[in-house]
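A.B. asks: Pasting a structure here, questions to come.
The values are calculated or read from the model by the stated rules, or taken from the named source; none is laboratory data. This one's a predicted model, so the numbers in the text were calculated from it and none came from an experiment. Cβ sites come from the backbone with ideal geometry, for glycine too, and all protein chains shown count toward neighbours. Areas reflect the complete protein model, heavy atoms only, side chains present, ligands, DNA and RNA absent. Shrake-Rupley method; radii C 1.70, N 1.55, O 1.52, S 1.80 Å.
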There are 2 protein chains.
Amino acid sequence: MKLDDIDRRILRALQRDGRMANNELAAEVGLSPSPCLRRVKLLEEAGVIDRYVAVLNPASIGKGLTFFTRIWLKTQDEDTIGHFATEVAKLPQVMECYLMLGDCDAMVRVVAASIDDYRRFQSEHLSRIRGVQNVKTDVPSQTIKHTSELPI
Amino acid sequence: MKLDDIDRRILRALQRDGRMANNELAAEVGLSPSPCLRRVKLLEEAGVIDRYVAVLNPASIGKGLTFFTRIWLKTQDEDTIGHFATEVAKLPQVMECYLMLGDCDAMVRVVAASIDDYRRFQSEHLSRIRGVQNVKTDVPSQTIKHTSELPI
DNA sequence: ATTGCCCCGCAATTTGATTGCGAAGATTGT
DNA sequence: ACAATCTTCGCAATCAAATTGCGGGGCAAT
């Protein structure tokens, strides 16, 4: 889908505030409400806007800690990787999971309430996925930035 | 803030669809619209709901590739780290940045249109931040999961 | 220059958000 | 156990926002 300057302004605004009123959005991007809303709907239908979400404060629901875990699989055949992928995707504590080329086979970002909470998760869920040979966990000492706003 | 079961259901629903109509939300969590909306407002004021955002499809705006970069700083003094943190946070291509203990000093997730786009970013922005000694980039071959839905 | 197309803005309608109020249930202290 | 109090609910009225249809203007191609 081709995006013009107004579309980009709409996307920027909705990435900042996904619940912004259409009137306000229209004023910000320099349109009247109806064509503005029409563009938003088009962007949704085209899949440029994937969805709208509420962003929670992890600490306030007892998920304040982040862990990065690198994972090595026993083998790198499609079956092992595929099974790992489907299983790890089911774990709600896993916020991100990437298959990697090179050193490790996969990397996941996990949220947990505490180190013990994480340890339990690792031993009871992550390590039990068939094919997982080894895991190594890194703990960030501080989060500098964590956004969903793509540059546009 | 203490959360009861209805609050958690509200949070789960709004993480799935942050623009859900209040009537629909109320029906889903088993309340009438007014107390439901009141709870949502309280959750917002308490900071449990941080904000609402539109989630874009990165590929559709030409930011389809993800890169992980580990960063080593020349020194680990507060000044060097602090300067790095403020500068890296300004870069819109940087979606996540964590300070790490152990091997590397920081890790960032960067989005870019292409490998060349990323290379340019690395040499023109990342490596030029004062104190940055070395960087190593890993490219995920596949994204298995990438969500903002915290388990609650 | 004229035709056709696209996208705008206006205005009317519908839908949803918001607020005040009385009632029901839970909690605390006597 | 009972009464006072606090909390949170649901209803209903009001208000604001979303949505849709329609006419008009600008731009491109013929």
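A.B. asks: Scan the range A:93-115 residue by residue and report those that are outside any strand (DSSP E or B) and under 16 Å from A:A59 (Cα atoms).
C.D. replies: Across the range A:93-115, the qualifying residues are A:Q93, A:A113, A:S114, A:I115.
A.B. asks: Scanning the range A:18-40 for residues that are within 12 Å of another protein chain (Cβ to nearest Cβ) and open to solvent by 50 Å² or more (accessible area, probe 1.4 Å), which turns out farthest from B:G62 (Cα to Cα)?
C.D. replies: Step one: filter the range A:18-40 for residues within 12 Å of another protein chain (Cβ to nearest Cβ), giving A:18-22, A:25, A:40.
Add one more test, that the residue is open to solvent by 50 Å² or more (accessible area, probe 1.4 Å), and what stays is A:19, A:21.
Details: A:R19: 24, A:A21: 27 Å.
Top of the filtered list is A:A21.
A.B. asks: Just to verify a result, which residue in the range A:1-17, among those that are in a helix (DSSP H, G or I) and of a type in the set (A, V, I, L, M, F, W, C), is nearest to the other protein chains (Cβ to nearest Cβ)?
C.D. replies: That would be A:L14.
A.B. asks: Would you tally the residues in the range A:37-46 being in contact (Cβ under 8 Å) with a residue 12 or more places away in the chain, more than 7 Å from DNA strand C (Cβ to nearest atom) and under 15 Å from A:A13 (Cα atoms)?
C.D. replies: Residues meeting the conditions: 3.
A.B. asks: Additional query: With (1) closer than 25 Å to B:L65 by Cβ; (2) in contact with an Asp or Glu (Cβ under 9 Å, 6 or more places away or on another chain); (3) more than 7 Å from chain B (Cβ to nearest Cβ) as the list, and A:L99 as the residue in question, which single condition is left unmet?
C.D. replies: (3)
A.B. asks: Can you tell me which of (1) more than 12 Å from chain B (Cβ to nearest Cβ); (2) away from DNA strand C (no atom under 16 Å from the Cβ) is the one A:R109 doesn't meet?
C.D. replies: Just one mismatch for A:R109, condition (1).
A.B. asks: If A:T69 satisfies every condition in (1) open to solvent by 10 Å² or more (accessible area, probe 1.4 Å); (2) of a type in the set (S, T, Y); (3) away from DNA strand D (no atom under 16 Å from the Cβ) but one, which is the exception?
C.D. replies: Against the list (1) open to solvent by 10 Å² or more (accessible area, probe 1.4 Å); (2) of a type in the set (S, T, Y); (3) away from DNA strand D (no atom under 16 Å from the Cβ), A:T69 comes up short only on (1).
A.B. asks: Residue by residue through the range A:44-65, note down the ones that are facing chain B (nearest Cβ under 7 Å), assigned to a strand (DSSP E or B) and of a type outside the set (F, W, Y).
C.D. replies: Residues satisfying the conditions are A:I49, A:D50, A:R51, A:V53, A:A54, A:V55, A:L56.
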